[in-house]
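Asks: For reference, the structure I am asking about is given below.
The values are calculated or read from the model by the stated rules, or taken from the named source; none is laboratory data. Note that the coordinates shown come from a computational prediction; the quantities given were computed from them, not determined experimentally. Counting neighbours? That spans all protein chains shown, and the Cβs are built from the backbone with ideal geometry, glycine included.
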Amino acid sequence: MGARKNSRKMKVAAAISASALVGGGLIAFAGNSASADPASLTLNYTCPFPLIGEQPLKVEINTDIPGSIGVGEETPPIAIEAVATANAETHQGLKTVSAASIEGSVVANANITAPGVELPLEVPIDVPSQEVPEAPPYTEFPINASGEAPSVSFSEPGQGEITVGDIALTLTPKKADGSETGLKTFESACTLDEGQETVLAQFEVTEGGSAAAQPAQREAE
């Protein structure tokens, strides 16, 4: 599958799928007064699953990025939306254990690079309970996820970029009566397939922000 880089250099402090898986667009700066432009990225992962072994997982990331942010200003919290596409083999594996729904969480790794900054992020993403389609036939099916990354700020003007990395899944398939399947809750460390474009967006931090600018940091810190 292809991945699409947002080619515009946007004046923004940044955001990260998905995600994505999760897929999320992995990141959006909601609440900024500046205009926002859509960005999209699709990535292919390989995930080890119980019973069926390693399987491909496609994650589509879509987000809106605001136009600009000044030095020392905090970005709004970063909203994440992602859609992962599970393949027919994964569908069959879930139905083998009588799964009628699936839920859980994802931790998406991302990185923000800017002048004087190399900021890794681990973004928690929720996978709400959703239906596993009836079968047969066994087909691809989507898994939706959403979350929010922390605010960040920058101490120097200049250009940077946001890249998306590996994801870690924690999933619980359930039967129609709400009980767990024989798989119970399982974890899967999904790795990016080689040779893909992983840049979600390029950005520029502008002059004229807060005089008390601090080094780039997460809001919680």
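Asks: Mind listing just one residue for me: the one in segment 137-153 that is within 15 Å of residue 75 (Cβ to Cβ) and either among the aliphatic types (A, V, I, L, M) or part of a strand (DSSP E or B) (or both) and, of those, modelled with the lowest pLDDT? Steps first, please.
Replies: So in segment 137-153, the residues within 15 Å of residue 75 (Cβ to Cβ) come out as 148-153.
Pick out the ones that are also either among the aliphatic types (A, V, I, L, M) or part of a strand (DSSP E or B) (or both) and you get 148-149, 152-153.
Working: 148: 78, 149: 71, 152: 79, 153: 82.
The residue in question is 149.
Asks: Select, from 90, 85, the only residue that is among the hydroxyl-bearing types (Ser, Thr, Tyr) and surrounded by fewer than 20 Cβ atoms within 10 Å (Cβ to Cβ).
Replies: Values: 90 fails: surrounded by fewer than 20 Cβ atoms within 10 Å (Cβ to Cβ).
From the options 90, 85, the qualifying one is 85.
Asks: Further question on the same structure: Among the residues of segment 106-119, what is the count of those that are polar (S, T, N, Q) and either over 14 Å from the mean Cα position of the chain (by Cα) or buried (at least 22 other Cβ atoms within 10 Å of the Cβ) (or both)? First the steps, then the outcome.
Replies: Our first condition is that a residue be polar (S, T, N, Q); within segment 106-119, this holds for 109, 111, 113.
Going one step further and asking which of them are either over 14 Å from the mean Cα position of the chain (by Cα) or buried (at least 22 other Cβ atoms within 10 Å of the Cβ) (or both), we end up with 113.
Result for segment 106-119: 1.
Asks: Among the residues of segment 183-190, is there at least one that is in a strand (DSSP E or B) and either of a type in the set (Phe, Trp, Tyr) or out of contact with any strand residue (DSSP E or B) (no Cβ under 9 Å at 6 or more places or on another chain) (or both)? Outline the logic, then answer.
Replies: Restricting attention to segment 183-190, the residues satisfying the condition of being in a strand (DSSP E or B) are 186-190.
Cutting the leftovers down to either of a type in the set (Phe, Trp, Tyr) or out of contact with any strand residue (DSSP E or B) (no Cβ under 9 Å at 6 or more places or on another chain) (or both) gives us 186.
So far as segment 183-190 goes, yes, one or more of its residues are in a strand (DSSP E or B) and either of a type in the set (Phe, Trp, Tyr) or out of contact with any strand residue (DSSP E or B) (no Cβ under 9 Å at 6 or more places or on another chain) (or both).
Asks: Just the residues that are among the polar types (S, T, N, Q) and either under 28 Å from residue 207 (Cα atoms) or in contact with a Cys (Cβ under 6 Å, 6 or more places away or on another chain) (or both), please, taken from segment 81-124. Break it down into steps so the answer makes sense when it comes.
Replies: Step one: list which residues in segment 81-124 are among the polar types (S, T, N, Q), which gives 85, 87, 90, 92, 96, 98, 101, 105, 109, 111, 113.
Result: 111, 113.
Asks: Working carefully through the options 156, 134, 103, find the one that is acidic (Asp, Glu), in a strand (DSSP E or B) and surrounded by fewer than 18 Cβ atoms within 10 Å (Cβ to Cβ).
Replies: Numbers: 156 fails: in a strand (DSSP E or B); 134 fails: in a strand (DSSP E or B).
That would be 103, the only listed residue that is acidic (Asp, Glu), in a strand (DSSP E or B) and surrounded by fewer than 18 Cβ atoms within 10 Å (Cβ to Cβ).
Asks: Between 192, 200, which is modelled with pLDDT of 95 or more and not hydroxyl-bearing (Ser, Thr, Tyr)?
Replies: Numbers: 200 fails: modelled with pLDDT of 95 or more.
Result: 192 is the single residue among 192, 200 that is modelled with pLDDT of 95 or more and not hydroxyl-bearing (Ser, Thr, Tyr).
Asks: Against the condition within 28 Å of residue 158 (Cβ to Cβ) and either modelled with pLDDT of 95 or more or within 22 Å of the chain's Cα centre (by Cα) (or both), how does residue 75 come out, does it pass?
Replies: So residue 75 passes the test.
Asks: OK, next. Quick check on my filter: what residues within segment 40-55 are more than 18 Å from residue 96 (Cβ to Cβ) and either in contact with a Ser or Thr (Cβ under 6 Å, 6 or more places away or on another chain) or aromatic (Phe, Trp, Tyr) (or both)? Give the steps one after another, and end with the answer.
Replies: Going residue by residue through segment 40-55, those that are more than 18 Å from residue 96 (Cβ to Cβ) are 40-46.
Correct list: 45, 46.
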